[in-house]
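Each remark here refers to the structure printed beneath this line.
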Ligand SMILES: [Zn+2]
């Protein structure tokens, strides 16, 4: 079932993000005009609407902002991933993203815990997961 799982489809706006992950780098857009960090990838700053965004490499470190433990598959393709630790991570830059935690027991998840990126290769795509720091 591994190969039938959905994979990200890069768009012109998000392609640099996925290319960064393929090189084991977490990259975010930063606004040249107001310095806001922007995620998800967009054509304009969501703080000041400037089109002047620059991709920058960041550590990918952050904290666990929220989580849920899925004990039933969220889609048929994820039946082998149960329990799936679905998380919202707040990166050090302040943006939040949805992901999955690995290398931790569900009972050990604690809001606010430090996390670091895991570059998970699947079917030719590199996905951004997280694990305890
Ligand atoms: Zn801005």
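Each reported figure results from applying straightforward, stated rules to the coordinates on display, with no laboratory input. The shown structure was predicted, so the numbers you read here are calculated from the model rather than taken from an experiment. Every residue, glycine among them, receives a Cβ derived from its backbone with ideal geometry; neighbour counts consider all protein chains shown.
Using a ≥ b ≥ c from the Cα gyration tensor of the stretch 83-122 (square roots of the eigenvalues), is it rounded, prolate or oblate, where a/c under 1.5 gives rounded and otherwise the larger of a/b and b/c decides, a/b for prolate?
Working: a/c = 1.82, a/b = 1.16, b/c = 1.57.
Judged from the Cα gyration tensor, the stretch 83-122 comes out oblate (a/c at least 1.5, b/c at or above a/b).
In the chain, what percentage of the DSSP-assigned beta bridges are antiparallel, given to the nearest 5?
On the way: 31 of 32 bridges.
Close to 95 percent.
Under the rule a/c < 1.5 gives rounded, and otherwise a/b versus b/c splits prolate from oblate, where does the stretch 59-133 land using the Cα gyration tensor? Could the numbers behind the result be given before it?
Details: a/c = 1.94, a/b = 1.29, b/c = 1.51.
Note, shape of the stretch 59-133 comes out oblate.
R0 = 30 Å: FRET efficiency of residue 103 with residue 46, Cβ-based, nearest 0.05? Provide the component values of the computation, followed by the final result.
Values: r = 32 Å, r/R0 = 1.07.
Taking R0 as 30 Å, the efficiency between residue 103 and residue 46 is 0.40.
Can you tell me the length gained on complete extension of the stretch residue 56 to residue 13, counting 0.36 nm per residue apart and subtracting the Cα distance? Can you show the working numbers first?
Details: separation 43, 0.36 × 43 = 15.48 nm, distance 1.41 nm.
Difference between extended and current length: 14.1 nm.
What number, in nm² with one decimal, is the all-direction average of the projected area of the convex hull of the alpha-carbon atoms of the chain? Spell out each step's value before the answer.
Working: hull surface 32.5 nm².
It is 8.1 nm².
Contour minus end-to-end for residue 74 and residue 131, with contour as 0.36 nm per residue of separation and end-to-end as the Cα-Cα distance?
Working: separation 57, 0.36 × 57 = 20.52 nm, distance 2.05 nm.
Stretched out fully, the residue 74 to residue 131 stretch lengthens by 18.5 nm.
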